[in-house]
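Notes to accompany the following structure.
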Amino acid sequence: MEYKGVGFILAFCSGLMNAWTFYHAQTFATVQSGNVVQIGYRLAQADWTPFWYSVGAVLAFGLGSAACGFVMTDNLKAGHRFTSAILWCECVLLTVIGILSVLKIVDYPIFALIISFIAGAQGNAFHKDHGMLYGNVAVTFVVQMAFNFLAQSFFKKDGIHNESNLMWAGVFFLVLFGFALGGAIGAFLDMNVFDNLSLFTASAAFMGLAISATRSRTDADPAPGATFV
């Protein structure tokens, strides 16, 4: 889960999930800074229904992170991997939401809360590139680090782990590209091809990662501990 390509795929899936929730429920699935701003904005407008949607998204994201923390801790104490279990849960939940949404069984805002829960779990479980912290569900930090390493590359060739600063800049720019690409493709699919196809696309990507992690001969979990610099 610390491979560069995996970071891109996770960010791509985040973009897909955000495209769905923003289009159907006017909330963000992963970008909680956006939801917090919406809370204040809608509070000032006394627009109560969207206000509670945004509050619910933030709480759901936090609960997803907490639940993931419990799962990770419990599995690590037992000497088990947690990556495959979390990826399969993401895959199954998004597939179920997509099917129910197509059938119009539950309102979109409820599904948006569940997707925020999924995003919270993803963000807590997978947030490193060979030991270096990054974000695949919220990208403010990614933007900061991408341009920081780009600037550092003009002064010093090697940076973290004696690896090229330009390479590190590329890692973070790749994550940004994945996030934006997921949002663009997700919006296009849902609006022009087949509604909810963004969720099925993200589910398929999680399935591929889960299968790869399950079949891996080495430990697929992110290494414990991390560094910012």
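Structure summary
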| quantity | calculated |
| --- | --- |
| Crossing angle, helix 4-25 versus the chain [Cα axis fit, 0-90 degrees, rounded to tens] | 20 |
| C-alpha long axis of helix 140-152 to longest principal axis of the chain, angle in ° | 30 |
| Residue exposure sequence - Ser203, Ser212 - by fewest surrounding Cβ within 10 Å | Ser212, Ser203 |
| Rounded, prolate or oblate (a/c below 1.5 giving rounded, otherwise prolate when a/b exceeds b/c) for segment 98-188 by Cα gyration tensor | prolate |
| Long-range HN-HN contacts of Lys128 with modeled amide H, under 5 Å | Tyr134 |
| Full-extension gain in nm, Ala184 to Asp158, via 0.36 nm per residue minus C-alpha separation | 6.0 nm |
| Nearest 10 degrees, 0 to 90: helix 165-188 Cα axis against the chain principal axis | 20 |
| Linear extension gain, Trp48 paired with Leu103, 0.36 nm per residue minus alpha-carbon span | 17.0 nm |
| Within straight-line cross-link reach of Lys77, aspartates and glutamates at Cα separation under 16 Å, skipping those fewer than 8 residues along the same chain | Asp219, Asp221 |
| Max mean-square fluctuation residue, GNM over the chain, Cα-Cα springs under 10 Å, options Gln26, Gln122, Gln152 | Gln152 |
| Partners for Lys4 among lysines (Cα-Cα distance below 21 Å; same-chain residues under 8 apart left out) | Lys128, Lys157 |
| In Å, descending, principal axis extents of the Cα set of the chain | 52, 41, 35 |
| Dipole magnitude (debye, nearest 20) for segment 4-215, charges at Cβ of Lys, Arg, Asp, Glu | 400 |
| Helix-only [θ]222 nm of the chain, DSSP H runs n ≥ 4, -39500 (n - 2.57) each, per residue, nearest 500 | -24000 deg cm²/dmol |
| Label-point separation in nm, Ala66 to Val36, each point 7 Å along Cα→Cβ | 1.7 |
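Computed from the coordinates by the stated procedures, all read-outs in this text should not be read as laboratory data. Small disclaimer: the values here were computed from a predicted structure and weren't measured. Every residue, glycine among them, receives a Cβ derived from its backbone with ideal geometry; neighbour counts consider all protein chains shown.
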